[in-house]
Amino acid sequence: MRQTSSTVAATRDNRPMTMESNQAKTPWADLDPQGTGLTVDVFITTLMSQVGNALRRTVTVPYAEAFGLTVSEWRLLSLVAHARRIAFNDLVEQSTSDKALVSRTLKLLETRGLVVLDTEGAGPRKKTWCSASTQGEELHRQAFPIARSRQAAAIRLLPPAEREAFFHALLRLRDHFHADNVKRQADDVNPLDI
């Protein structure tokens with residue numbers, strides 16, 4: 001079965017698809033491998049970006065700013081505080097940010113006395129470790145209950161069954177693309193580089 005005419009009309013007239021525009025059938029329900037009938041407004045990347053940006057603006061930014069942090073600073077501080085001590089490369093991977101942004105943000109957090117950066121080793125085996133300072137731990141301790149509450153409010157917009165399905169769907173997608181990325185990186189290794 002393909003998209004219904006009401007789905008197509010709802011997406012082709014430049015109005016975003018909403019729950020009200022098609023309760024019974026989604027444009028993803030009977031999706032063929034070519035994506036026949038998909039429009040850009042219902043691409044998974046478009047919807048994830050729209051939801052991610054809206055959550056960042058309405059959920060994360062208010063509590064980050066209330067504690068004098070940017071979203072990037074909050075994300076890194078919370079990951080470091082949660083881990084207690086974390087290698088720079090692991091922090092880059094967990095934050096899903098690029099190395100340059102993580103490096104710049106950590107330097108700002110270090111300058112503000114919120115994280116401590118330690119380097120072990122030398123040369124190519126040098127490893128940078130990150131940990132929260134006492135001041136960083138205290139800020140995290142104050143901010144985290146607010147962050148958790150705001151996150152819970154957003155999650156609770158979905159009924160319990162949808163929460164479960166959405167959580168598992170996100171994990172499945174994350175794991176698939178993480179595994180695909182690891183494989184791609186392994187395939188890119190030149191035997192002469194080893």
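The values are calculated or read from the model by the stated rules, or taken from the named source; none is laboratory data. None of the values given here were measured: they were computed from a predicted structure. When we count neighbours, we look across all protein chains shown, and the Cβ atoms used for this are built from the backbone with ideal geometry, even at glycine. The area values use the complete protein model at the heavy-atom level, side chains included, leaving out ligands, DNA and RNA. Shrake-Rupley method; radii C 1.70, N 1.55, O 1.52, S 1.80 Å.
A search for C-beta distances below 7 Å between a residue of the range 128-142 that is acidic (D, E) and modelled with pLDDT of 95 or more and any residue that is open to solvent by less than 30 Å² (accessible area, probe 1.4 Å) and part of a helix (DSSP H, G or I), counting only pairs 6+ apart in sequence or on different chains, returns E137/A81. When S131 is tested against (1) exposed (fewer than 13 other Cβ atoms within 10 Å of the Cβ); (2) outside any helix (DSSP H, G or I), only condition (1) is not met.
Among the residues of the range 70-90, write down those that are charged (D, E, K, R), part of a helix (DSSP H, G or I) and under 17 Å from F144 (Cβ atoms).
Taking the range 70-90 first, the residues charged (D, E, K, R) are 73, 75, 84-85, 90.
Now drop any that are not part of a helix (DSSP H, G or I), which leaves 73, 75, 90.
Selection gives E73, R75.
Can you pull out the residues in the range 52-67 that are under 14 Å from I146 (Cα atoms) and of a type in the set (G, A, S)?
Kept after step one, since they are under 14 Å from I146 (Cα atoms), are these residues of the range 52-67: 58-67.
Listed by number, the residues that qualify are A64, A66.
A Cβ distance below 6 Å, combined with a sequence gap of six or more or placement on separate chains, defines the contacts here; from the range 82-93, residues that are more than 19 Å from Q142 (Cα to Cα) reach residues that are open to solvent by 100 Å² or more (accessible area, probe 1.4 Å) in the pairs V92/K99.
Scanning the range 36-45 for residues that are within 19 Å of A169 (Cα to Cα) and part of a loop (DSSP other than H, G, I, E, B) gives a single hit, F43.
Among the residues making up the range 63-77, those that are surrounded by fewer than 19 Cβ atoms within 10 Å (Cβ to Cβ) and in contact (Cβ under 8 Å) with a residue 40 or more places away in the chain are A66, F67.
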